[in-house]
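Data first, discussion second: the structure below is written as structure tokens.
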Amino acid sequence: QVQLVESGGGLVQAGGSLRLSCAASGSINSINSMAWYRQAPGKQRELVATITSGGIENYADSVKGRFTIARVNAKNTVYLQMNSLKPEDTAVYYCYSILRTMGAGKWSTYWGQGTQVTVSS
């Protein structure tokens, strides 16, 4: 059983910062990429940022220069530092990972339960 547990969401004023964390736990053999997605009310879930096992980062244009993704492989944890937050960043943020469990021969995808980020104007 694998779980991705997010934390760090909350309410912040425009221009403020938040740091999200996501820890993967369970019978994990190895983790490939990790990512953050978000879903605003009435909108489709969208990719925010990804990071490979080798540390290569990729960002949505809307967050470039403001958000930073990082991971600590030894802790199976991924972070999202969000600076200069805007009201349009308001959404539920989900952690996502492609990983392989112990004894499994294939890679599988997992999602966290989501954490709410609300940015007030």
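The values are calculated or read from the model by the stated rules, or taken from the named source; none is laboratory data. This structure is a prediction, so every number in the text was calculated from the model and none was measured. A quick note on method: Cβ atoms are made from the backbone with ideal geometry, for glycine too, and the neighbour counts reach across all protein chains shown. Calculation scope for accessible area: heavy atoms of the full protein, side chains included, ligands and nucleic acids excluded. Shrake-Rupley method; radii C 1.70, N 1.55, O 1.52, S 1.80 Å.
Go through the range 1-92 and tell me which strands (runs of 3 or more DSSP E), entirely inside it, have 3 or more residues that are of a type outside the set (Lys, Arg) and surrounded by 14 or more Cβ atoms within 10 Å (Cβ to Cβ). Spell out the reasoning first.
Numbers: elements: 2-7, 10-13, 18-26, 28-39, 46-51, 57-59, 67-72, 77-82.
Of the strands (runs of 3 or more DSSP E) lying wholly inside the range 1-92, those with at least 3 residues that are of a type outside the set (Lys, Arg) and surrounded by 14 or more Cβ atoms within 10 Å (Cβ to Cβ) span 2-7, 18-26, 28-39, 46-51, 67-72, 77-82.
Tell me which of these residue 111 doesn't satisfy, since it passes every other one: (1) open to solvent by 40 Å² or more (accessible area, probe 1.4 Å); (2) touching a helix residue (DSSP H, G or I) at 6+ places or on another chain (Cβ under 9 Å).
Going through the list (1) open to solvent by 40 Å² or more (accessible area, probe 1.4 Å); (2) touching a helix residue (DSSP H, G or I) at 6+ places or on another chain (Cβ under 9 Å), residue 111 breaks only (2).
Counting only residues that are of a type in the set (D, E, K, R) and farther than 25 Å from residue 25 by Cα, how many does the range 61-77 have? Can you show your working first?
Keep residues of the range 61-77 that are of a type in the set (D, E, K, R), which gives 61, 64, 66, 71, 75.
With the extra rule that they be farther than 25 Å from residue 25 by Cα, the set shrinks to 61, 64, 66.
Residues meeting the conditions: 3.
Limited to the range 64-78, what total is found for residues that are more than 26 Å from residue 3 (Cβ to Cβ) and touching a Leu at 6+ places or on another chain (Cβ under 9 Å)? Walk me through how you get there before you give the answer.
Going residue by residue through the range 64-78, those that are more than 26 Å from residue 3 (Cβ to Cβ) are 64-66.
Okay, now just the ones that are also touching a Leu at 6+ places or on another chain (Cβ under 9 Å), so 66.
Within the range 64-78, residues that are more than 26 Å from residue 3 (Cβ to Cβ) and touching a Leu at 6+ places or on another chain (Cβ under 9 Å) number 1.
Residues are listed down the side, and each one gets a yes or a no for (1) at pLDDT below 95; (2) more than 18 Å from residue 28 (Cβ to Cβ); (3) within 17 Å of the chain's Cα centre (by Cα):
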| residue | (1), (2), (3) |
| --- | --- |
| 79 | no, no, yes |
| 82 | no, yes, yes |
| 86 | no, yes, no |
| 95 | no, no, yes |
| 99 | no, no, yes |
| 103 | yes, no, no |
| 106 | yes, no, no |
| 109 | no, no, yes |
| 113 | no, no, yes |
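Please work out which one of (1) of a type in the set (A, V, I, L, M, F, W, C); (2) at pLDDT below 95; (3) touching a helix residue (DSSP H, G or I) at 6+ places or on another chain (Cβ under 6 Å) is the condition residue 119 fails and give its number.
Against the list (1) of a type in the set (A, V, I, L, M, F, W, C); (2) at pLDDT below 95; (3) touching a helix residue (DSSP H, G or I) at 6+ places or on another chain (Cβ under 6 Å), residue 119 comes up short only on (2).
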